[in-house]
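Have a look at the structure below before the remarks.
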Amino acid sequence: MTGSIAAIGAGLAVLGVGLGIGKIGGSAMEGIARQPEQSGKIQTAMIIAAALIEGAGLFGIVVALLGNG
């Protein structure tokens, strides 16, 4: 039973990461469309934020899988 709970936790972490990165990507594209001259700054901030979200998601997956046993 604990294996399935860990899988659900890992799945929720992946779902959250996907939604977060999708939101960042969409907002960045909208920002670049509005102000193309700021695309470099927007892209840099987007990559940093996506990396932080990936790190938090990876941490969530590891915690879910380590809580297995």
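The values are calculated or read from the model by the stated rules, or taken from the named source; none is laboratory data. None of these values were measured; they are calculated from a predicted model. Cβ placement follows ideal geometry from the backbone for every residue including glycine, while neighbour counts extend to all protein chains displayed. Surface accessibility is based on the protein's heavy atoms, side chains included, excluding ligands, DNA and RNA. Shrake-Rupley method; radii C 1.70, N 1.55, O 1.52, S 1.80 Å.
Some values worked out for this structure:
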read-out: Number of positions in the stretch 1-42 that are open to solvent by less than 80 Å² (accessible area, probe 1.4 Å), under 13 Å from residue 60 (Cα atoms) and touching a helix residue (DSSP H, G or I) at 6+ places or on another chain (Cβ under 7 Å); value: 6
read-out: Number of the condition not met by residue 36 [criteria: (1) over 20 Å from the mean Cα position of the chain (by Cα); (2) touching a residue at least 12 places away in the same chain (Cβ under 8 Å)]; value: (2)
